[in-house]
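The values are calculated or read from the model by the stated rules, or taken from the named source; none is laboratory data. Please read all numbers here as calculations on a predicted model, not as lab measurements. Cβ sites come from the backbone with ideal geometry, for glycine too, and all protein chains shown count toward neighbours.
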Amino acid sequence: MAATEPEARGEKTYYVSTPIYYVNDAPHLGHAYTTVAGDVLTRWHRQRGEKVWYLTGTDEHGQKILRTAEAHGVTPQEWCDKLVEESWRPLWTHLDVANDDFIRTTEKRHTDRVQEFVQDLYDKDEIYKGGYEGPYCVSCEEYKLPGDLIEAEDGTQLCAIHKKPVDILQEENYFFKLSEYGPKLLAHYEANPGFIQPESARNEVVNFVKQGLQDLSISRSTFDWGVPVPWDPKHVIYVWIDALLNYATAVGYGADQTRFDATFPADVHLVGKDILRFHAIIWPAMLMANGLPLPGKIAANGWLLVGGEKMSKSNLTGIKPQDLTTHFGVDAYRWYFLRAIAFGQDGSFSWEDLSARYTSELANDYGNLASRVAAMVGKYFGGKLPEATAGGDAEQAVRDGLSKAVAEADRRIGEELDFSGGIAAIFDFVKQVNGYLTEQEPWKVAKDTSDEGQARLATILYTAAESLRAIAVLLNPVMPDTSQKLWDSLGAAESLGALADQRIADTATWGRLPAGATVTKGAVLFPRLEEPPTA
Ligand code: ME8
């Protein structure tokens, strides 16, 4: 463990959030993509020795949920309780997601504070009563602008995202003076170039704000499934205002000031492109209006596409993560989407690509390296890691390769949220170690029974095992179960302690595994794939 705990050093908690998902249906690959990315990011920062808070949860109010519950003949609360307990929480457990909290917007700890926040805005004259008529997409839970609509062949106006007809709503609502925040938001984007990631998302937001913002309707009076407006309970608070506030209420807003100050604002809000404007425009404006600090970064991931279309709950291309984990295992699943798709870009998923990468990179490159080294330490040294010499150029090249991989993975994953680049850097090192073994041919050196020959064999196998020690640590945020198996097979816990306590900064320090460590063959990391199920 680090000498001083992060709390004692007075450091701000590294706080990462996922969107809180609508519970109108069960989660699909798209939701899991964002949530696993956040899990890898937070696990990485934990291994840096930082204090971390990882928040996810569910968005349970609004018309979309209400209509779904009605269609199923249950109350919205009953519907949400069932979906959360039967589908959402179990999936995150299944995928090894180590979230620190799970907030539901129907919880009192949330609803009370949402009312306080909105009341504060009202008292500060940031909210007024007015009327509005316009096209509304229930799937987005959003009034649409003309540019957000497409026309069906029969002339019906459709939401461009959901391809579903919009409703024309006319309501007397409360409005937040969003239009006043355009210049302040633009100044913030300008002063903080990393605030919106990637660049394309940033440009989209900047252009949108430059066109001028309209005030935002923040209440609804035609249904009551929501948080009542405190000064006028015939209205409920617009589901998006309610939802965005989860990022504050979950970490003690209005309830535990010490905790709030140590955690808020989020360092990274992970979101999909669809909800970028809510997070990069409305949320910062709400915070500015109430004098609260703004988040560090809004990072938008691209779409997972199936057959060229965005995968979604409503268009029935939603594939369940469990369909894949049953076949490929949880770790390969976690690894695949981050490895194969540049974060921030759209990416197509295919069974064939996952299968091919599983076999070549996980089973052949990584799994075989681990099993070969364990087998050779077993065969030639009775399963005790031998004492090594410093070796020569070949060993120096491996040590240099490791230093490079650690620095690059730390920068890319820990700072830039470039998961595919960071994982590629680690796998380049895996390839390098494989290449080292192929060149050094320890199985041939083993035949030389002289002291020199045996010393050389010891050095080669130590170099490979020590490299695997580092690989286990570096891949732990991505594939925790596999890393644990490898850690156990290297006998590392006894000498180095728990895998979760290993620091990224120490990873490149050579010689940590002590001679004499017990190396066992352990479980096969990536078993050969079964034939794919036929449809
Ligand atoms: O928007 N590819 O919830 P939601 C990649 N409740 N990511 C995807 C995806 C896909 N095909 N489909 C979904 C909401 N996602 C609101 C959020 S936050 C205060 C309120 C991911 O259930 C992506 O992160 O519709 C997207 O933004 C989120 O799921 C939308 O989830």
If I filter the range 166-178 down to residues being within 32 Å of the chain's Cα centre (by Cα) and not in a loop (DSSP other than H, G, I, E, B), which single residue comes out as farthest from Val209 (Cα to Cα)? Phe176
Among the numbered criteria (1) small (Gly, Ala, Ser); (2) out of contact with any Phe, Trp or Tyr (no Cβ under 6 Å at 6 or more places or on another chain); (3) buried (at least 24 other Cβ atoms within 10 Å of the Cβ); (4) under 17 Å from Leu513 (Cβ atoms), which single criterion is violated by Ala472? (2)
Qualifying positions in the range 161-177 - surrounded by 16 or more Cβ atoms within 10 Å (Cβ to Cβ) and polar (S, T, N, Q): Asn173
Looking only at residues in the range 427-469 that are under 17 Å from Glu408 (Cα atoms) and touching a Gly at 6+ places or on another chain (Cβ under 6 Å), which one is surrounded by the fewest Cβ atoms within 10 Å (Cβ to Cβ)? Gln432
Answer yes or no: is there a residue in the range 92-100 that is closer than 17 Å to Ala248 by Cα and either aliphatic (A, V, I, L, M) or buried (at least 22 other Cβ atoms within 10 Å of the Cβ) (or both). no
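Please pick out the residue among Leu475, Leu496, Leu437 that is among the hydrophobic types (A, V, I, L, M, F, W, C), without any contact (Cβ under 8 Å) to a residue 40 or more places away in the chain and in the same structural domain as Lys379 (by TED's automatic domain parsing). Steps first, answer last, please.
Values: Leu475 fails: without any contact (Cβ under 8 Å) to a residue 40 or more places away in the chain; Leu437 fails: without any contact (Cβ under 8 Å) to a residue 40 or more places away in the chain.
The conditions single out Leu496.
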Can you tell which of Ala26, Ala37, Ala32 is surrounded by fewer than 21 Cβ atoms within 10 Å (Cβ to Cβ), within 16 Å of the ligand (Cβ to nearest atom) and under 24 Å from the mean Cα position of the chain (by Cα)? Ala26
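Keeping to the range 320-357, report how many residues are of a type outside the set (A, V, I, L, M, F, W, C) and within 18 Å of Val97 (Cα to Cα).
Residues flagged as of a type outside the set (A, V, I, L, M, F, W, C) and within 18 Å of Val97 (Cα to Cα) within the range 320-357 amount to 12.
Test Arg512 against the stated conditions and say whether it is surrounded by fewer than 22 Cβ atoms within 10 Å (Cβ to Cβ), without any contact (Cβ under 8 Å) to a residue 60 or more places away in the chain and in a loop (DSSP other than H, G, I, E, B). Even if it seems obvious, please write down each step before you answer.
On the way: surrounded by fewer than 22 Cβ atoms within 10 Å (Cβ to Cβ): yes; without any contact (Cβ under 8 Å) to a residue 60 or more places away in the chain: yes; in a loop (DSSP other than H, G, I, E, B): yes.
In short, yes.
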Enumerate the pairs (first residue in the range 22-45 and of a type in the set (Asp, Glu); second residue anywhere and more than 11 Å from the ligand (Cβ to nearest atom)) with beta-carbon separation below 7 Å, excluding pairs fewer than 6 apart on the same chain, so at least 6 apart or on different chains. Asp39/Tyr54; Asp39/Val97; Asp39/Ala98
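Residue by residue, here is whether (1) over 29 Å from Gln170 (Cβ atoms); (2) outside the structural domain of Thr249 (by TED's automatic domain parsing); (3) within 16 Å of the ligand (Cβ to nearest atom) holds:
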| site | (1), (2), (3) |
| --- | --- |
| Leu55 | yes, no, yes |
| Ile65 | no, no, yes |
| Ala69 | no, no, yes |
| Pro90 | yes, no, no |
| Leu95 | yes, no, yes |
| Thr106 | no, no, yes |
| Asp112 | yes, no, no |
Can you find, within the range 247-261, the residue that is nearest to the ligand (Cβ to nearest atom) among those that are touching a helix residue (DSSP H, G or I) at 6+ places or on another chain (Cβ under 6 Å) and within 18 Å of Tyr14 (Cα to Cα)? Thr249
Among the residues of the range 52-72, write down those that are charged (D, E, K, R) and in contact (Cβ under 8 Å) with a residue 60 or more places away in the chain. Asp59, Lys64, Arg67
Please list, ordered by first then second residue, the pairs with beta carbon atoms under 6 Å, 6 or more apart or interchain, first in the range 148-168 and touching a residue at least 12 places away in the same chain (Cβ under 8 Å) and assigned by TED's automatic domain parsing to the domain that holds Pro135, second among the basic types (Lys, Arg) and part of a loop (DSSP other than H, G, I, E, B). Val166/Lys144
Could you name every one of the helices (runs of 4 or more DSSP H) located completely within the range 185-296 that has at least 1 residues being surrounded by fewer than 17 Cβ atoms within 10 Å (Cβ to Cβ)? 199-210, 257-263
Of all residues in the range 265-303, count the ones that are touching a strand residue (DSSP E or B) at 6+ places or on another chain (Cβ under 7 Å), of a type outside the set (D, E, K, R) and more than 14 Å from the ligand (Cβ to nearest atom). 1
Mind telling me which of the residues Ser360, Ser355 ends up being without any contact (Cβ under 8 Å) to a residue 60 or more places away in the chain, surrounded by fewer than 20 Cβ atoms within 10 Å (Cβ to Cβ) and either farther than 27 Å from Val478 by Cβ or small (Gly, Ala, Ser) (or both)? Ser360
Return the only residue of Gly347, Gly378 being within 16 Å of the ligand (Cβ to nearest atom) and surrounded by fewer than 20 Cβ atoms within 10 Å (Cβ to Cβ). Gly347
Checked against (1) within 15 Å of the ligand (Cβ to nearest atom); (2) over 17 Å from Glu133 (Cα atoms); (3) touching a strand residue (DSSP E or B) at 6+ places or on another chain (Cβ under 7 Å), Phe195 satisfies every condition except (1)
